[in-house]
Amino acid sequence: MTTTRVAAPGDTADALQHGRRAPRRGVAKHGKATPWFFLAPYLLLFGTFVIAPVVLGAWISLHRWDYTLPGKPFVGLENYAALFDPGSIPFEDFWNSMRATAIFTVGSVPLLLVLPLVVALVMNTKFPGRNLFRAVYFAPYVLGVAVVAVLWRYLLDNNIGLVNYYLGRLGLPDDTAWTTSTPAAWIALVGVTVWWTLGYNAVIYLAALQDIPRELYEAARVDGANAWQQFRHVTVPGLRPVLVFITMITIIASANMFGQSYLITQGGPGRETRTAIYQIAEVGLRQYQMGSAAAMSYVLTAALMVLSVIVFWLFRERKSS
Amino acid sequence: MRTTTPTRRRRLGAGALTASAALVLAACGGGMTPEDAAGGGDGESAEFTGEYTGPDIELSYWNGFTGGDGPFMQEMVDQFMAEHDNITIVPNTIQWADFYQRVPAAVNAGEGPDVGVMHLDQLATNAARNVIVPLDAVAEQLELTEDDFSEEVWQAGIYDDQRYGIPLDVHSLAMFYNTEHFAAAGITEPPTDGESFMAALDALQAAGYEQPFWMPARWPGHLMFLTLLQQNGGGAYGEEEATFGGAEGVEALEWMRGMVDEGYSPSDVAQDSQYVAFKNGETSITWDGIWQINDLEESGMPYALAPVPTIFDEEAFWANSHQFFMTKQATQDEDKLAASQVFLAWMSEHSADWAGAGMIPARESVQEEGLAGTAQEPIAALLDKVRFLPAIPGLGQVTTETMEQAVADAVLGQAEAGAALEQGQSQATELMAENAESFGG
């Protein structure tokens with residue numbers, strides 16, 4: 001690593017005074033404030049749009065906070081207690097929504113880790129029309145959730161949709177209620193999400209694949225490794241840092257799923273596919289119970305933080321013995 | 001987004017002229033000052049002339065007419081501005097679903113509308129949240145009285161002994177039917193009661209229309225349920241508790257599910273698909289809101305409209321109403337108050353044009369003019385049969401969370417009607433108690 005030395009006023013004088021001394025690193029000379037100046041623009045934005053809302057959210061979660069009413073009584077931990085009290089009103093709906101979030105995450109994350117990798121591996125080989133296919137896989141990601149949802153809502157409609165129609169033409173069951181019954185609704189939601197977001201992960205994989213030095217593959221081939229062994233011992237280790245990143249963002253994105261179930265299934269049948277974010281939006285924005293919604297979002301955050309620790313632990317660098 | 005810039009610029013120019021003319025007149029001692037015109041700031045002014053003579057003013061006007069009704073509203077607004085040089089209406093059209101989230105937040109932040117339109121079943125909620133202000137004085141100024149409205153719609157704008165809404169229209173559930181299918185099945189008159197309705201369904205099936213009446217699980221499923229419940233002598237809500245889960249409700253919901261069980265409807269009808277199926281000629285009858293009229297007209301399909309048949313004993317059907325509201329933003333400023341009153345009075349008087357949007361104007365004095373020959377005309381005669389939800393704050397959300405869920409579950413066959421309604425009802429009662437507590441405090 002090279003260090004770029006920044007000259008400071010007084011440097012020269014110093015140097016003259018102390019004669020031929022090894023040049024010191026610039027930063028130390030500038031006082032402790034310098035790094036903060038560099039960070040200031042970011043910290044300002046981070047403070048305003050992340051830290052402040054986080055603190056305010058925590059404050060709100062301790063109140064019965066209806067922003068249209070003058071009184072916002074302080075209730076301490078009541079909102080949290082209600083979430084863990086089976087007899088309370090929010091309890092059942094909230095944990096149902098957490099379960100829905102978990103089902104969706106467990107269903108979608110593995111597919112969103114494996115399928116894009118397969119796509120990326122294929123796209124990484126040389127074949128005619130490769131760029132076209134890369135574009136084709138990435139294209140759905142460009143669409144907004146509203147477009148995707150409305151499109152699939154009609155395609156998946158069990159009575160008038162094309163999906164059942166073509167399944168019927170293939171001689172498969174053509175009366176699956178894709179949006180109004182479980183588990184079909186889950187399959188539909190996961191399927192739509194995978195179709196929609198697969199391209200993004202694939203692009204990241206692709207970039208990572210192209211970063212793996214060719215020499216490693218050559219060396220592996222010289223050692224007699226077959227395609228699988230090359231994948232297992234060169235590709236996978238080469239992808240490890242990117243894999244942690246993709247796993248984390250995919251888990252977080254899946255845990256924050258909202259638009260698909262809001263627009264495709266309306267949380268139905270019943271409240272089966274109503275995710276945590278959906279429930280939080282419903283409670284906070286439509287029922288004006290901001291305090292309860294804020295408490296829910298902190299419980300969700302805590303769950304996600306625990307999950308990230310587990311993921312980092314699973315992907316930790318293991319000391320090679 | 002709708003842009004009004006060119007029109008606005010023209011109005012502003014013209015408005016400036018009028019305003020200076022008014023000022024000159026006022027200076028000569030012959031005119032009326034804005035203060036006189038507007039009267040007191042609290043709406044208790046002495047005289048309403050129907051004119052606004054104050055300085056040029058912009059009124060922020062929010063509504064949710066995003067569908068086939070939007071162009072009609074815009075036309076009315078344009079015409080109003082053409083006739084009133086010194087008032088500029090700045091419309092903001094937001095989907096209804098978002099509208100009810102944004103209006104309270106915006107008003108709270110002081111960025112809300114001066115005037116707007118909302119559904120009758122949201123008035124109480126927004127009144128309790130101090131989003132909108134009482135309009136008794138305004139109604140008095142505009143000389144609007146119950147005489148010119150059906151009692152139901154006039155009374156429905158009242159919450160806590162005060163009027164919060166000036167009715168613009170009534171829109172209800174109605175029966176749409178495919179006239180070609182009816183002709184093929186040899187049905188000459190639209191069915192009016194349970195017996196003739198079932199006979200019509202059988203005739204349609206015999207004519208080869210296997211599934212003539214699709215039963216939606218979601219919207220407008222709960223509107224059908226409310227209609228049937230009231231036809232069966234039930235009511236959805238009491239003052240303090242939900243009552244839709246009683247025997248009348250169970251019977252109504254079982255009838256709905258029965259349409260699926262007896263094969264008149266396919267199972268698992270997803271949202272919107274019964275309407276799409278009707279538009280495509282796949283199903284013969286659908287019960288939907290009269291706001292679909294323009295959409296059906298445009299699609300060119302052969303359809304006609306009739307009141308929802310009386311399946312049970314009582315002639316009744318679900319309806320809602322668009323009502324004008326004002327916020328304190330308008331009433332705190334004398335000029336804005338005066339201009340808002342002029343706007344509301346004008347819109348109310350010209351509501352005959354609003355029939356073009358597929359609605360029924362609320363004022364009886366303009367109904368004849370606006371409704372002649374429209375598709376919704378047959379419904380207008382039955383305005384005393386419409387049933388609104390009671391004016392209890394928070395009821396809209398309670399209905400979404402409980403009744404709609406119960407109806408959907410039962411129609412989809414995932415729960416028995418009785419069990420679904422019982423659960424929905426007890427939850428609704430709990431939510432109502434919670435609401436009463438937060439609004440009472």
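The values are calculated or read from the model by the stated rules, or taken from the named source; none is laboratory data. Being a predicted model, the structure only gives us computed values, none of them experimental. Reconstructed Cβ throughout: ideal geometry from the backbone, glycine too, with neighbour counts over all protein chains shown. Please note that ligands, DNA and RNA were not included when accessible areas were found on the heavy atoms of the full protein model with its side chains. Shrake-Rupley method; radii C 1.70, N 1.55, O 1.52, S 1.80 Å.
How large is the helix-only mean residue ellipticity at 222 nm for chain B, computed as the sum of -39500 (n - 2.57) over DSSP H runs with n ≥ 4, divided by its residue count, in deg cm²/dmol to the nearest 500?
-13500 deg cm²/dmol
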Checklist line | Karplus-derived 3J(HN,Hα), 6.51/-1.76/1.60, for each residue of the range B:120-137, Hz, glycine and proline x | finding: 3, 6, 9, 4, 4, 4, 6, 5, 5, 8, 6, 7, 10, 10, x, 10, 4, 5
Checklist line | Rounded FRET efficiency, nearest 0.05, which uses the C-beta distance separating A:VAL50 from B:GLN155 and R0 of 51 Å | finding: 0.55
Note to self: Apply the Karplus curve 6.51 cos²θ - 1.76 cosθ + 1.60, θ = phi - 60°, to the phi angles in the range A:106-114 and return the couplings in whole Hz, x for Gly and Pro.
What the structure shows: 5, x, 9, 4, x, 5, 6, 8, 8
Margin query: Considering all alpha-carbon pairs of chain A, what whole percent are spaced by more than 32 angstrom?
Written below: 51
Note to self: Let me check I've understood the local charge: for B:GLY413, count other residues with C-beta under 11 angstrom from its C-beta, Lys and Arg +1, Asp and Glu -1. What total comes out?
What the structure shows: -3
Check: What is the pair-distance distribution P(r) of the range A:157-215, computed from all Cα-Cα distances in 5 Å bins starting at 0, with each bin given as a whole percent?
Finding: 4, 16, 16, 17, 11, 9, 9, 7, 6, 4, 1, 0
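Please give me, ordered by residue number, the GluC sites (Glu not before Pro) of the range B:235-266 that lie in loop per DSSP and have at most 14 other Cβ atoms within 10 Å.
On the way: sites: B:GLU239, B:GLU240, B:GLU241, B:GLU248, B:GLU251, B:GLU254, B:GLU262; in loops: B:GLU239, B:GLU240, B:GLU241, B:GLU262.
Loop-located and lightly packed - B:GLU239, B:GLU240, B:GLU241, B:GLU262.
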Notebook entry, point to check: In the range A:129-176, which residues give up 10 Å² or more of accessible area once the other protein chains are added, compared with their chain alone (1.4 Å probe)?
Noted result: A:ARG153, A:TYR154, A:ASP157, A:ASN158, A:ASN159, A:ILE160
Next item on the list: Go ahead and estimate [θ] at 222 nm for chain A from helices alone: -39,500 (n - 2.57) per DSSP H run with n ≥ 4, summed, over the residue count, rounded to 500.
Entry: -20000 deg cm²/dmol
Item checked: Estimated inter-spin distance, B:ALA247 and B:GLU297, nm [label 7 Å along Cα→Cβ] -> 4.6
Margin query: Check which residues have an amide H placed less than 5 Å from A:ASN159's amide H, if you skip close sequence neighbours.
Written below: B:ALA270
Item checked: Calculated FRET value between A:ALA303 and A:PHE245, using beta carbons and R₀ = 22 Å, to 0.05 -> 0.60
Note to self: Quick query: amide H of B:THR88 versus all other amide H atoms, modeled in the peptide plane; which residues come in under 5 Å with a sequence gap of 5 or more or a different chain?
What the structure shows: B:ILE57, B:GLU58, B:LEU59
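Report for the protein assembly as shown the percent antiparallel among DSSP-assigned beta bridges with both residues inside it, nearest 5.
On the way: 24 of 37 bridges.
Just about 65 percent of them are antiparallel.
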Margin query: Take B:GLN423 and A:LYS32, extend 7 Å from each Cα along the Cα→Cβ direction, and tell me the distance between the two endpoints in nm.
Written below: 6.0
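If you average 1/r over every pair of different alpha-carbon atoms in the range A:73-158 and take one over that average, what Kirkwood value in Å do you get? Don't skip to the end; give the middle numbers.
Numbers: mean 1/r = 0.0577 Å⁻¹.
It is 17.3 Å.
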Notebook entry, point to check: If you add up the charges near A:ASP174, with Lys and Arg at +1 and Asp and Glu at -1, over every other residue whose beta carbon is less than 13 angstrom from its beta carbon, what do you get?
Noted result: -2
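Can you compute the equivalent ellipsoid semi-axes for the range B:176-251, i.e. the square root of 5 times each eigenvalue of the Cα gyration tensor, sorted largest first and rounded to whole Å? Write down the numbers at each step before the final one.
Details: eigenvalues 193, 31, 19 Å².
Over the Cα atoms of the range B:176-251, the semi-axes work out to 31, 12, 10 Å.
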Next item on the list: Could I have the simple spin-label model distance between A:ALA81 and B:THR49, label points 7 Å from Cα toward Cβ, reported in nm to one decimal?
Entry: 6.3
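If you count, for every residue in B:261-271, the Cβ atoms of partner chains within 10 Å of its Cβ, what is the mean?
Values: counts 0, 0, 0, 0, 1, 5, 6, 12, 6, 18, 9.
Partner-chain Cβ atoms within 10 Å, mean over residues of B:261-271: 5.
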Next item on the list: Kindly work out what percent of the DSSP beta bridges joining two residues of chain B are antiparallel, to the nearest 5.
Entry: 65
Checklist line | J(HN,Hα) series, the range A:193-203, from Karplus relation 6.51 cos²θ - 1.76 cosθ + 1.60, nearest Hz, glycine and proline x | finding: 5, 4, 4, 6, 10, 3, x, 5, 4, 4, 5
Checklist line | Viscosity 1.567 mPa s, temperature 4 °C, Stokes-Einstein D of the range A:99-243 from Kirkwood C-alpha radius, µm²/s | finding: 74
Item checked: Segment A:GLN229-A:GLU92, extension gain: residue separation times 0.36 nm, minus the distance between their alpha carbons -> 44.4 nm
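What does the convex hull of the alpha-carbon atoms of the protein assembly as shown project to on average, in nm²?
Working: hull surface 192.6 nm².
For the protein assembly as shown, averaging the hull's shadow over all directions gives 48.2 nm².
Kirkwood hydrodynamic radius for the range B:134-213: how many Å is it when counted over pairs of different Cα atoms? Can you show the working numbers first?
Details: mean 1/r = 0.0623 Å⁻¹.
Radius from the Kirkwood sum: 16.1 Å.
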Notebook entry, point to check: What does the highest-first list of A:194-206, A:134-146 look like by mean Cβ count within 10 Å?
Noted result: A:194-206, A:134-146
Note to self: Below 19 Å, Cα to Cα, which aspartates and glutamates can A:LYS126 reach? Residues fewer than 8 away in the same chain don't count.
What the structure shows: A:ASP211, A:GLU215, A:GLU218
Notebook entry, point to check: How about the range B:92-180: which GluC sites (Glu not before Pro) there are in a DSSP loop, with at most 15 other Cβ atoms within 10 Å of their Cβ?
Noted result: B:GLU111, B:GLU143
Check: Efficiency by 1/(1 + (r/R0)^6): what FRET value for B:GLN79 and B:GLU146, r their Cβ-Cβ distance, R0 = 25 Å, to the nearest 0.05?
Finding: 0.35
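What is the Å³ per residue value for the convex hull set by the Cα atoms of the range A:108-150? Numbers along the way, then the final one.
On the way: hull volume 3.1 nm³, N = 43.
Spelled out: Cα convex hull of the range A:108-150, divided by residues, is 72 Å³.
Would you mind giving the total buried accessible surface between chains A and B, with a 1.4 Å probe and ligands, DNA and RNA left out, rounded to the nearest 100 Å²?
Details: alone 20260 and 18470 Å², together 35730 Å².
Accessible area lost upon association: around 3000 Å².
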Notebook entry, point to check: Could you give the accessible area per residue of chain A, probe 1.4 Å, as a whole number in Å²?
Noted result: 58
Notebook entry, point to check: For A:61-68, what's the mean count of beta carbons from other chains sitting within 10 Å of each residue's beta carbon?
Noted result: 3
